[in-house]
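See below for the structure under consideration.
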Amino acid sequence: MKKEINYLTFIMAGIRNKPGRNLATIFCFAFIAANIFSGQYLISGAMRSVDQGITRMGADYIVAPVEYSVFLRGSGPDNTFAIVNTLPSIYRVKNNIMDTIGNVQGVSAMSPQLYVSTLNLPALSSSPVDVFGFDPKTDFAIQPWLRQPLKHPLDQGEIIVGHQINGEISSKVQISKYTYTIAGRLDPTQSGVDNSIFLRLDDAYNLAATEGIVNPLAPGISPGDINAVLVRIAPGENPDTVGANIRRSFSRIQITVIGRHFTLDPVSKDIEGLPLLLNSISVIIVVAAFPLIALIAAMVAHERQREIGLLKSMGAKKNVIFSLVIAESLFLAAIGGIIGVVASLITLNILNTQGILNSVLLVTFRMPSLTEIGSMAGLALLVVILIGSVASLWPAYQTSRMNPYDAIRNEGK
Amino acid sequence: MIEVSGVTKTFRTDCLEIQAVDDVHFAVQPGKFILIFGRSGSGKSTLLGMLAGLLRPTKGEIRINGVDISNLSDDKISELRAKEIGFVFQFSGLLPTVTVLENILVPTLFCKKSPGSRLRALELLKKVGVSDRADAYPCTLSSGEMKRVAIARALINGPSLLIADEPTGDLDVDTEYEIMELFRQLNREGTTIVMVTHNPDLIPYGTQTYCMERGKMVEKPGSSSFIKCEPGLDNHPKPKDLP
């Protein structure tokens, strides 16, 4: 047996009755929602790109044995580089240099790295693979490049692989007598990191102790040996001063302190006007669309005078009529909002996968998280629903106060 | 019981004042079939609008079951309309966007929920003779069918008063006869009916008839415009073109 009639049946019937006009209204709402959502999506994605770029800048300084400088090489056209990892070097220091570095004012983070060896591992790569040890707990240089965050902190027997290393996540990798599990993969860095694997320092010492791993011509690796300490400077500190202080703090050990030569400042400046631009466009569209939607709502109310008069003659109270007009507008706004958000999400994803957003925004576009997308969609829906309800307030008020006798007799006059 | 005392309705525009209803007095006892007869513009529809609470009188008092509706708030009048008054318009008055059955059920939205309204709507459709059109949309109905559905809708909340404003004005003679018979049947079953018409042929249907002229209620027994019919007499007119 069918259900009894309810207000929703009634509202839906009203909407179905004028498909053309209601489609146009839905389109208006969809356009507004799409604009707000896209704007927020692009702003958030671009900001994430910059944030990630900054976190991926790695260390501000690398503190290494003085011989290290002869291995210094650049990764970009201007010989600029971001310090992500130490370079393959046989010169090592003991990890207690970190005690000294930690005492220097302005140092906010530091993490040791150890180059173990370069191995031919055909199962992993056609090129020789650099093997590094690092401390996952203090690391701030390697893990920001992870394509997907690790499910748990890197455990013993687990490794992180560079972009060009073969093997799926969770698959096993055999190096000498040890079997490791691939726990994470890095994004491309366009540097030697792409062809490297990273394991915990304790695993690195165990592997280094295995015969045939470390070049017999190089000094052996003992626990506590490291090749370099990556150092990050606290925000607001003068990098030159902190670098000089690190140098001065090592009077008896000969170390070198190498600073990075790459900055994201120009990129940040390029996109700093983006939020303002996109938000301004959204505001202009909302302001321009509001009277249009209000006009449509007023037209609908006028057109339905007779219907409203009939409802009142049947006993509909003012608040019922008011609610019906508002509810119809809200319904159209919600439908339009959902369509707008979904359509723009699909379009933005297509543009992103085609790389178009990267070239337009001049940065590597990072898709916002699902939570962020959810809140942006919520914001867009909230705005269109607010517009819908506010725009129909006056027509709803007028309609609800309409005299039923006049409404029935004067329709269309 | 309806009591109308000294009711006047004046419409004012910038340069014009029209006294549509002028100092009207009358009473309607429960179970009566009141016919208000008059020419177009005589004020009968305005009077009906005031009886239904759709218009407020400029002066005077209208009491329905003892309640003076002239001074009730809009919401109270709406409540009263939903419970106590069924209205049948000259035009079909059906909502084009919903089916016949849904049209009949619309007034139940404005009354306190009573279970079984759908069943009652189906019974009413059967009673008015259009039970086969329950799922049809109004645009597919004939004028007579529309009127029958409108009557069923007016009765769905079980009103004590049925008001009809020229309900046969747009119908052919045969259909007019059928609709008037339906009204008579409803009246015999106890529904109080107040109907206005400009058609003198319908006067015999009323158990009590009033005439309106230029906003005034005229009751002149014996005059051509006033006929009082005794209930129970088979004095309704037959369609002139029937064999």
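The values are calculated or read from the model by the stated rules, or taken from the named source; none is laboratory data. Keep in mind that what you see is a predicted model, and the values were worked out from it rather than measured. When we count neighbours, we look across all protein chains shown, and the Cβ atoms used for this are built from the backbone with ideal geometry, even at glycine.
Before moving on, here are some points about what is shown:
- Some residue of the stretch B:142-157 being assigned to a helix (DSSP H, G or I), in contact (Cβ under 8 Å) with a residue 12 or more places away in the chain and within 9 Å of another protein chain (Cβ to nearest Cβ): yes
- Look at (1) within 24 Å of A:Met12 (Cβ to Cβ); (2) more than 14 Å from chain A (Cβ to nearest Cβ); (3) surrounded by fewer than 19 Cβ atoms within 10 Å (Cβ to Cβ) and you find that B:Val173 fails only one, number (1).
- Sole residue being closer than 30 Å to B:Lys83 by Cβ and either out of contact with any Leu (no Cβ under 6 Å at 6 or more places or on another chain) or part of a helix (DSSP H, G or I) (or both), chosen from A:Leu332, A:Leu324: A:Leu324
- Filter result for A:Ala391 (at pLDDT 80 or above and within 30 Å of B:Leu47 (Cα to Cα)): no
- 1 or more residues in contact with a strand residue (DSSP E or B) (Cβ under 8 Å, 6 or more places away or on another chain) and farther than 26 Å from A:Asn96 by Cβ: qualifying strands (runs of 3 or more DSSP E) within the stretch A:156-259: A:158-161, A:172-175, A:178-185, A:196-200
- Residue in the stretch B:86-110 that is nearest to the other protein chains (Cβ to nearest Cβ), counting only those that are assigned to a loop (DSSP other than H, G, I, E, B) and closer than 19 Å to B:Lys127 by Cβ: B:Gly93
- Residue identified as in the same structural domain as A:Ser400 (by TED's automatic domain parsing), small (Gly, Ala, Ser) and under 40 Å from the mean Cα position of the chain (by Cα) among A:Ala298, A:Ala327: A:Ala327
- Hits in the stretch B:76-85 - residues which are of a type outside the set (Lys, Arg) and part of a helix (DSSP H, G or I): B:Ile77, B:Ser78, B:Glu79, B:Leu80, B:Ala82, B:Glu84
- Residue tally, condition at the interface with chain A (Cβ under 9 Å from one of its Cβ atoms), in contact (Cβ under 8 Å) with a residue 12 or more places away in the chain and surrounded by fewer than 17 Cβ atoms within 10 Å (Cβ to Cβ), over the stretch B:56-85: 1
- Index of the failed condition, A:Met376 passing every other in (1) at pLDDT 90 or above; (2) closer than 30 Å to A:Ala13 by Cβ: (2)
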